[in-house]
Amino acid sequence: MTIRRSIAASNVASTVFSLSGSSKITVNATEIVGGTFLNSSGTANSQFVSHVKRVNTNGAGGGILITSIDTAAFYINEYTHAGVGLVCSWTQNTQSENISFVDTFWKSTNNASHITLTTTETSLNTKKLRLLGTHTMYGITNSTVCISSTIDPTFIFIQQVYAATIANYAITFKVGAFTVDSQINLYN
C-alpha cells in the first residue's frame, strides 16, 4: 500500500496504520494526526517506509508501537507526541529488525519519553535502532529520560542527537563503548 496525501484520522484516538502479517506500507504525506501513527506486529517480511513532514500522536501507550517488523524507515521532520513517541516491545528471534529515524524533531507535550525499548529477553542482538542525521529532543523535564531501555546492551546507533534539557544524575547515554553521564556531562 502506498499513501500520498495528508491524513487526519476521523477519531484522533485511532490508529492510522496497522501493519500485521507480511506486508509493506509506504507513506508520503504532509501531516498525519491520530492516536497512534503505526501499530506493527508484522512478520520478517514486513516493511514500513514514511516520508512525512509532521506527525502528531496522542496515544498514551505510544505513538509508534512496534512488536516485530523487518525494516522501518521514518523520515519525519516534526514529531509531536502526548504519550511515548516510539515504543519497541521486542522479543528475541533470528529476524533482523532495523528501525531508522532520520532528521527528526521530537517534541513531547505530556512529559513522556521520546523512545522506549522494552523486552523480556536477555539479549536483542538482531534488533537495531538508528537515529541518523540531526535529532532534537525536547518537551520533557529532568525527571523523564529521553531514550530508555530495559536491557543492556541496546543496539542504538546515533549521529548528532541533542536533548534540550540539562543533565542530571539519572542520565546515562551509551553509544557503543562511549558513555556520557552526569559525572562527565554536568551542566549545573
**OP:** With label points built 7 Å along Cα→Cβ from the Cα atoms of Asn28 and Asp103, find their separation and express it in nm.
**Re:** 1.6
Original post:
Within the range 44-66, what residues put their amide N at less than 19 Å from the label point 7 Å along the Cα-to-Cβ vector of Asn110?
Top reply: 55-66
Subject >> Using a Förster distance of 30 Å, the FRET efficiency for Asn93-Ser14 (Cβ separation, nearest 0.05) >> reply: 0.55
Original post:
Hey, what did the range 46-155 get for relative contact order, percent, Cα under 8 Å, at least 6 apart?
Top reply: 24
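Please calculate how many Å² of accessible area the range 1-141 carries per residue, with a 1.4 Å probe and no DNA, RNA or ligand atoms counted. Don't skip to the end; give the middle numbers.
On the way: 5790 Å² over 141 residues.
Ligands and nucleic acids excluded, the figure is 41 Å² per residue.
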Original post:
For the cross-link pairs Lys24/Lys127; Lys53/Lys107; Lys24/Lys128; Lys53/Lys127, which exceed 22 Å when the distance is taken from alpha carbon to alpha carbon?
Top reply: Lys53/Lys127
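The values are calculated or read from the model by the stated rules, or taken from the named source; none is laboratory data. Note that the coordinates shown come from a computational prediction; the quantities given were computed from them, not determined experimentally. Cβ atoms come from the backbone with ideal geometry, glycine included; neighbour counts cover every protein chain shown. Each accessible area value is taken on the protein alone, full model and side chains, heavy atoms only, with ligands, DNA and RNA left out. Shrake-Rupley method; radii C 1.70, N 1.55, O 1.52, S 1.80 Å.
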